[in-house]
1. Pairs of Cα atoms under 8 Å, at least six residues apart: use those to get the relative contact order of the chain, whole percent.
2. For the range 7-48, just say rounded, prolate or oblate: build the C-alpha gyration tensor, square-root its eigenvalues into a ≥ b ≥ c, call rounded for a/c under 1.5, and beyond that prolate if a/b exceeds b/c, oblate if not.
Amino acid sequence: MELQKPIKVIYLSDNGEITQRNIIILKKTPKSIIARCLLRGKLRAFRIDQILSAGFPSSGYYS
């Protein structure tokens with residue numbers, strides 16, 4: 001498997017909380033991104049319509 005560079009997302013959760021996560025994208029579906037969350041260490045699904053911003057972290061691979 002190719003090494004993938006983490007991206008930083010700012011995300012609006014279902015309960016209205018804005019969070020920031022460093023993730024490694026594993027799969028994209030029409031409505032979501034399946035990724036490994038580096039903060040939680042788990043696979044997570046992020047709804048595309050709730051991602052407010054995305055980009056490469058300025059330093060390191062960890063949240």
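1. 35 percent
2. Values: a/c = 1.80, a/b = 1.13, b/c = 1.60.
Oblate shape, in that a/c is at least 1.5 and b/c is the bigger or equal ratio.
None of the figures in this text is laboratory data; all of them are computed from the coordinates on show. The structure presented is a predicted model; accordingly, all values stated were derived computationally and were not measured.
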